[in-house]
Amino acid sequence: MILMVGLPGAGKTTRARQLAAAHRALRLTPDHWMIPLFGEPMADGKRFVLEGRLLTIALQALRLGTSVVLDYGLWGRDERSALRWLARSAGAASQVVYLPVDTDTQLARIAHRQATAPHQTFPMSAADVDRWREQFQVPDAAELDGGEIPGPPPGWPDWAQWAAEHWPTCTDS
């Protein structure tokens, strides 16, 4: 399972398409579902519901021997750790692919996307980008090298329960 990590405008979807073709992998991209279904990126928490359903499909595909590219963004270390753990529990390896982007390039790409494909994107302001950059947790060397998966946050007995809470529709069956 390949985990695409980066902010909007980093080039995740372009790279995810390349990796999916190279690995004959199933590419799962919530953004391609959110606009047609709900017309907005989060839709009162529905994004995590959708992501959970897509993760269920991803885990089934992994168990069938099909590679998967998750084009989610994955801003948080806990999300990435949970997904690495879920991939391992499905008998698959995982790889974190991080695409850093400087602010000027990011804003230019977002503006281009909004100008050329407004029906396929969400409005994003410079203030949004600044706020998101503060929230984003850059992957560390252990994540990028496929190192040890850390334990879940305090209060969680394991990553399966953390994932079930974060992505309420992700069923591991």
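Taken together, the values in this text are just the output of simple stated rules run on the coordinates, not laboratory data. Source: prediction; values computed, not measured. Every residue, glycine among them, receives a Cβ derived from its backbone with ideal geometry; neighbour counts consider all protein chains shown.
Need the C-alpha centroid separation for the range 144-158 versus the range 75-101, integer Å.
When both Cα centres are located, 10 Å separates them.
As a check on your grasp of the helix formula, calculate [θ] at 222 nm for the chain: sum -39500 (n - 2.57) over DSSP H runs of n ≥ 4, divide by the residue count, round to the nearest 500. Before the final figure, lay out each step's value.
Numbers: 8 runs with 87 residues, N = 173.
Calculated at 222 nm, the ellipticity per residue is -15000 deg cm²/dmol.
So if each residue of separation counts as 0.36 nm, and I subtract the Cα-Cα distance between Glu134 and Tyr98, what length gain in nm does that give? Could you put the intermediate results ahead of the total?
Numbers: separation 36, 0.36 × 36 = 12.96 nm, distance 1.65 nm.
Length gained between Glu134 and Tyr98: 11.3 nm.
Report the one residue of Thr13, Ala43, Pro139 whose Cα lies farthest in the direction of the positive end of the charge dipole of the chain (charges on C-beta: Lys and Arg +1, Asp and Glu -1; origin at the Cα centre).
Value computed over the given set: Thr13.
For Ala142 and Leu64, calculate 0.36 nm times their separation in residues minus their Cα-Cα distance, and state this gained length in nm to one decimal.
Details: separation 78, 0.36 × 78 = 28.08 nm, distance 2.75 nm.
So the chain would gain 25.3 nm between Ala142 and Leu64.
Taking 7 Å along the Cα-to-C-beta vector as the label spot, tell me the Arg17-Leu37 distance in nanometres, rounded to one decimal.
The modelled label-to-label distance comes out at 2.2 nm.
For the modelled label position 7 Å from the Cα of His112 along Cα-to-Cβ, which residues of the range 12-49 have backbone nitrogen atoms closer than 17 Å?
Answer for the range 12-49: 12-18.
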